[in-house]
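The values are calculated or read from the model by the stated rules, or taken from the named source; none is laboratory data. Treat the numbers as computed from the prediction; the structure is a model and nothing was measured. Glycine also receives a Cβ, built like all others from the backbone with ideal geometry; neighbour counts cover every protein chain displayed. What goes into the accessible areas is simple: the full protein's heavy atoms, side chains included, and nothing from ligands, DNA or RNA. Shrake-Rupley method; radii C 1.70, N 1.55, O 1.52, S 1.80 Å.
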Amino acid sequence: MYLKTLHLRQFRNYYDQKVAFDAPKTILLGNNAQGKSNLLEAVELLSTLKSHRVSRDRDLILDSKPIAQIDATLERQTGAIDLALTLRSGARRSLKLNGEPLRRHLDFLSVLNVVQFSCLDLDLVRGGPEGRRNWIDRLVIQLEPIYAHILHQYNQILRQRNALLKRSRAVRKAEFSESLDTMRFLEAENPEPENTEDSPIPNSQSPNSSSELALWDAQLATAGARVIRRRDRVLERLMPLARNWHGSISGSTEILDVKYDANIEVSSELIGQDNLEGVRQAFLEKIQKRAIAEQFQGTTLVGPHRDDITFTINNTPARQYASQGQQRTLVLALKLAELQLIEEVVGEAPLLLLDDVLAELDLSRQNQLLETIQERFQTLITTTHLGAFDSQWLRQTQILSVVSGKINQF
């Protein structure tokens, strides 16, 4: 696939900017805070309908304007495709594919496939579990667009269940406070010790809230099992590719392993067998074990929203012990594996977005990345200077200057 044109209107710091990509590799050159990353963010939105930088559409719109528009022309093996995304500060966004409005976001996802590699990704190893969950979720959506619906469904159920647990916790606290006040009043009225066996003690959970929670438990387990299964399935396909790339970059001196660390107590064999019901039952069993803790804390403690992904190098946990160089090798191997996996599954090479990342890589890792790109992947690269690029490589590259939301040929 090849991104031919991009048109940004009132998006971030772009008022009205058209860009034509006339080479497989494009370098966006400019100082910081000029709009280079904003352009890559627009491409990311056309691919996944999400930004890894903000969650609200109004934060993507220029100077509190009512709407922003992103249009693009994409060339695929099946022909040219026109993409259009309209963002609104006070209403829902709208999508068009070849000029036709789309009712379902699923029909827009995975039309444009991208792999993004930014300096933020270098925190993937030592950062928190949420970053690793977001990373694998973005990849799964690229390969299985239906996963966006599954994940959204799970998060909706999770919010409803958390709201019920929070309400139940507030009711119990109020009942306990009322009971305590009553006991203090009785003690003041009658200082003689009495039998307190019949004193009012609040129920840990009312029958109504208990039955309602059981319904949410069942729904959470069903949706959560689907999330777990798809994450694990994609990691199983990604892991051997990442291991091969990691061995190539490290000179075959290190062995990488990637493992999905599910929050529920379920064996990898059970997930690997695609046993949805088995995963669901394990989910429900874990919920029962953590029921008291959940009631006390007023939040859901079980599910894929608390899962993690562990990386080991030569059987040593990378998060605790990997050097900075090893971390960079690991993340680079993951990104190259993403490119390869998407190409294998989709049947076309995805776009590669490199956001100010070359400056974070040493010369050998830069060369490994640039040699892999060649003419195989259309690549958009942001940088503040051209010193990291070989002169021969630059001759085959389109260079665009970015200054205050204006783009011109360099």
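Overview of values
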{"quantity": "The range 65-93 - residue that is among the β-branched types (V, I, T) and in a strand (DSSP E or B) and, of those, farthest from M1 (Cα to Cα)", "calculated": "I67"}
{"quantity": "Some residue of the range 258-269 being more than 16 Å from L220 (Cα to Cα), at pLDDT 90 or above, more than 23 Å from the chain's Cα centre (by Cα) and not β-branched (V, I, T)", "calculated": "no"}
{"quantity": "Residue tally, condition touching a helix residue (DSSP H, G or I) at 6+ places or on another chain (Cβ under 8 Å) and under 20 Å from Q34 (Cβ atoms), over the range 360-388", "calculated": "9"}
{"quantity": "Residue within the range 345-354 that is out of contact with any helix residue (DSSP H, G or I) (no Cβ under 8 Å at 6 or more places or on another chain), of a type in the set (G, A, S) and open to solvent by 50 Å² or more (accessible area, probe 1.4 Å) present", "calculated": "no"}
{"quantity": "Any pair with Cβ under 8 angstrom, 6 or more apart, that starts in the range 317-328 at a residue that is open to solvent by 40 Å² or more (accessible area, probe 1.4 Å) and ends at one that is in a helix (DSSP H, G or I) and small (G, A, S)", "calculated": "Q326/A318"}
{"quantity": "From L74, L49, residue being in contact with a helix residue (DSSP H, G or I) (Cβ under 9 Å, 6 or more places away or on another chain) and at pLDDT 95 or above", "calculated": "L74"}
{"quantity": "Residues (touching a Gly at 6+ places or on another chain (Cβ under 8 Å) and surrounded by fewer than 21 Cβ atoms within 10 Å (Cβ to Cβ)) located in the range 142-161", "calculated": "L158"}
{"quantity": "Every pair of residues 6+ apart whose Cβ atoms lie under 6 Å, when the first sits in the range 303-314 and is closer than 15 Å to G127 by Cα and charged (D, E, K, R) while the second is assigned to a loop (DSSP other than H, G, I, E, B) and at pLDDT below 95", "calculated": "R306/N263; D307/A262; D307/N263"}
{"quantity": "Some residue of the range 345-368 being among the β-branched types (V, I, T) and not in a loop (DSSP other than H, G, I, E, B)", "calculated": "yes"}
{"quantity": "Out of L386, L363, sole residue that is aliphatic (A, V, I, L, M) and exposed (fewer than 12 other Cβ atoms within 10 Å of the Cβ)", "calculated": "L363"}
{"quantity": "Check on L400, at pLDDT 95 or above, out of contact with any Asp or Glu (no Cβ under 9 Å at 6 or more places or on another chain) and part of a helix (DSSP H, G or I)", "calculated": "no"}
{"quantity": "Residues satisfying the stated conditions in the range 1-44, i.e. small (G, A, S), without any contact (Cβ under 8 Å) to a residue 40 or more places away in the chain and open to solvent by less than 10 Å² (accessible area, probe 1.4 Å)", "calculated": "A42"}
{"quantity": "Meets criteria (in a helix (DSSP H, G or I), over 27 Å from I141 (Cβ atoms), open to solvent by less than 70 Å² (accessible area, probe 1.4 Å) and touching a residue at least 12 places away in the same chain (Cβ under 8 Å)) for S210", "calculated": "no"}
{"quantity": "Close pairs from the range 284-300: first among the aromatic types (F, W, Y), partner open to solvent by 30 Å² or more (accessible area, probe 1.4 Å), Cβ under 9 Å, at least 6 apart", "calculated": "F296/R169"}
{"quantity": "Single unsatisfied condition, L256 versus (1) among the aliphatic types (A, V, I, L, M); (2) crowded, with 21+ Cβ neighbours inside 10 Å; (3) without any contact (Cβ under 8 Å) to a residue 12 or more places away in the chain", "calculated": "(3)"}
{"quantity": "Count - residues of the range 94-124 that are of a type in the set (K, R) and either in contact with a helix residue (DSSP H, G or I) (Cβ under 6 Å, 6 or more places away or on another chain) or not in a loop (DSSP other than H, G, I, E, B) (or both)", "calculated": "1"}
{"quantity": "Of all residues making up the range 98-117, the number that are surrounded by fewer than 19 Cβ atoms within 10 Å (Cβ to Cβ), in contact with a strand residue (DSSP E or B) (Cβ under 8 Å, 6 or more places away or on another chain) and not aliphatic (A, V, I, L, M)", "calculated": "5"}
{"quantity": "Test: I136 is part of a helix (DSSP H, G or I), over 17 Å from L46 (Cβ atoms) and of a type outside the set (F, W, Y)", "calculated": "yes"}
{"quantity": "Those residues of the range 45-67 which are surrounded by fewer than 19 Cβ atoms within 10 Å (Cβ to Cβ) and of a type in the set (V, I, T), in sequence order", "calculated": "V54, I67"}
